[in-house]
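Comments concern the structure below.
The values are calculated or read from the model by the stated rules, or taken from the named source; none is laboratory data. Please read all numbers here as calculations on a predicted model, not as lab measurements. All Cβ positions, even for glycine, are placed from backbone atoms using ideal geometry, and neighbour counts span all protein chains on display. Please note that ligands, DNA and RNA were not included when accessible areas were found on the heavy atoms of the full protein model with its side chains. Shrake-Rupley method; radii C 1.70, N 1.55, O 1.52, S 1.80 Å.
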Amino acid sequence: MKICITGGGTGGHLVIAEALAEAVAQQGHEAIFIGSTSGQDKKYFESHSTFSHVYFLETTGVVNKKGIDKLKALWLVLKAFFASRKIIKKHNIQATYSVGGFSAAPASFATLSLFKPLFIHEQNAVDGKLNSILKPFAKRFISAYDKNSPIKGYPVKDEFFKSARVRSDIKTVIFLGGSQGAKAINNLALSVAKELQNLGIKIIHQTGESDFERVKKEYQALDVEVELYAFTKEMSTLMSKADLAVSRAGASTLWELCANGLPALFIPFPHAAADHQYYNAKFIVDNNLGWCEREDKDLKSILVSILTQNLESKSMALLKESSRDAAKNMILDVVEVVNG
């Protein structure tokens, strides 16, 4: 079977695409990728991936643009729509899986125009604009937050499950600034670094590339030992070393933490569309799986209060919440639908 996986723009969408591509390959099928020249699509898949072919079309986001910029963005989507139709025909694609993001628009609409089945994965607790438009036309709409979703769980790469363990005492804290960096989290880490060191708690910190040099100098001035990264694709290895995470609440990171059994204090990005990071984290809090606080709270005091807690019950519950077979089941579902 030949499947097109489309979408991206941000790492959150792309790690889902990667997990689905691995599931396709493991089941002996072929997957191609259609993404964008904008965003992080090329960074993820241009030089190495499990896709047989990758395509990056010239598109940009549409939702936040106005006037002439919106018209230009729509024109690019239209051109990419026709290019996607040619690609889908060329590879005899039998179904398309959209993982969301502006990159997904051309191939998703092209798939529908060719009367081929479209499957959608919604990564957040609040549906994205494009997914909301496409939802009525999709064969399946999958969401880990929706109890009525026909497939449970969130597609996470197997490496996060392989390195999973139950946490109890906190010996290492990991701060995750994300690929773009999160100044609030970086500043929180610096504010509590000395105290963590005095408690004998190790620090792992991924700052984001834009804030790396500043944070590095601050740690040096504090004379605090830290395992510091600007950006890394070895996230499963770093998570496996930690007992507590401090992180944004992007969906992929959130579910990777779940798969690894790593409890977290989530600090949602306040400007995320429809405040979706807050609602992602609210799902975790409502199920007593972790913590969530806004940026304007006394984050240092809140974090310090968590350090003395036993995390075993939360860690075990996180592991039960995660489904190792989510990506596999999503692809098995595609095969079943296509084969009738």
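Some notes on this structure:
- Region 41-55, residues that are open to solvent by 20 Å² or more (accessible area, probe 1.4 Å) and over 21 Å from Lys116 (Cα atoms): Lys42, Lys43, Tyr44, Glu46, Ser47, His48, Ser49, Thr50
- Residues of region 4-40 that are touching a His at 6+ places or on another chain (Cβ under 6 Å) and surrounded by fewer than 24 Cβ atoms within 10 Å (Cβ to Cβ): Ile32 alone.
- Counted residues, region 269-313 - those being surrounded by 15 or more Cβ atoms within 10 Å (Cβ to Cβ), in contact with a Lys or Arg (Cβ under 8 Å, 6 or more places away or on another chain) and not in a helix (DSSP H, G or I): 5
- All helices (runs of 4 or more DSSP H) inside region 154-233 with 1 or more residues being within 28 Å of Asn310 (Cβ to Cβ) and of a type in the set (Val, Ile, Thr): 183-198
- Residues (among the small types (Gly, Ala, Ser), touching a residue at least 60 places away in the same chain (Cβ under 8 Å) and within 27 Å of Leu196 (Cβ to Cβ)) located in region 287-330: Ser315
- Residues of region 91-136 satisfying the condition of being in a helix (DSSP H, G or I) and closer than 19 Å to Tyr279 by Cα: Lys129, Leu130, Asn131, Ser132
- Tally, over region 205-223, of residues that are surrounded by fewer than 20 Cβ atoms within 10 Å (Cβ to Cβ) and within 23 Å of Gly12 (Cα to Cα): 4
- Which listed residue, of Leu289, Leu311, is under 20 Å from Ser240 (Cβ atoms), touching a Ser or Thr at 6+ places or on another chain (Cβ under 7 Å) and of a type outside the set (Ser, Thr, Tyr): Leu311
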